[in-house]
Amino acid sequence: MVWYIFVIEAIVFAAIFTTILFAVYHGDRMYSPECIHNYPPDIQEEYFKTHEKMDVSGKSKNVILAKSCGVLMFTVILTVCAKIAGASTFWQGFGIAFSLMVWIGVYDTFFLDWVLFANMKMFRLEGTEHMDKAYHQKWFHLKGCIFPGLVFALIPAITVGLFISFMR
């Protein structure tokens, strides 16, 4: 594996992830169940006081569909990354994919959630604009990064490892 390629891939992956996030959380799409699902419970509760209640649980059909699409998209991106980085075995593919998923989890938590999400008004749900403290809940986002984040990262990593091992 070539390390400088891995670093470049990590930067590009973060840029792609950020672009997708900004596209999804733009306009009326941010009020969809799969987006509201990512907000802390007290923000959801406040939002649903003035808006129609919908299922935003992890078992919601829309949330499951969105997460499944994310897994598929990440698997494709990470398979390409693993091949470019020189992976030729299951464990190399798995290692590269899992490392990139951990990186994106850390980037998402410490930068996107703690800095951008907490401070940019464009991410505030209508009717919750006044909840500054709720938008700065670091523990909520850190817990999500650890679980289910790390478990979620295993799915594309294992799949990438399998794809790489079959491509030999």
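The values are calculated or read from the model by the stated rules, or taken from the named source; none is laboratory data. Keep in mind the model is a prediction, meaning the values are calculated, not measured. Here the Cβ is made from the backbone with ideal geometry for all residues, glycine too, and neighbour counts use every protein chain on show.
The table below lists the values:
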{"read-out": "Criterion: among the basic types (Lys, Arg) and surrounded by 14 or more Cβ atoms within 10 Å (Cβ to Cβ) - qualifying residue of Lys53, Lys83", "value": "Lys83"}
{"read-out": "Within the stretch 129-145, tally of residues that are surrounded by 14 or more Cβ atoms within 10 Å (Cβ to Cβ) and either basic (Lys, Arg) or in a helix (DSSP H, G or I) (or both)", "value": "7"}
{"read-out": "Residue satisfying all of: in the stretch 93-128; charged (D, E, K, R) and assigned to a helix (DSSP H, G or I); surrounded by the fewest Cβ atoms within 10 Å (Cβ to Cβ) among these", "value": "Lys121"}
{"read-out": "Residues being without any contact (Cβ under 8 Å) to a residue 60 or more places away in the chain and of a type in the set (Asp, Glu) - total across the stretch 123-159", "value": "2"}
{"read-out": "When residues of the stretch 146-168 are limited to those that are of a type outside the set (Lys, Arg) and assigned to a loop (DSSP other than H, G, I, E, B), the one nearest to Thr89 (Cα to Cα)", "value": "Met167"}
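Residue-by-condition table, conditions (1) modelled with pLDDT under 95; (2) touching a strand residue (DSSP E or B) at 6+ places or on another chain (Cβ under 8 Å); (3) more than 19 Å from Val24 (Cβ to Cβ):
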position: Ile104; (1), (2), (3): no, no, no
position: His141; (1), (2), (3): no, no, no
position: Pro148; (1), (2), (3): yes, no, no
position: Ile155; (1), (2), (3): no, no, yes
position: Leu162; (1), (2), (3): no, no, yes
position: Arg168; (1), (2), (3): yes, no, yes
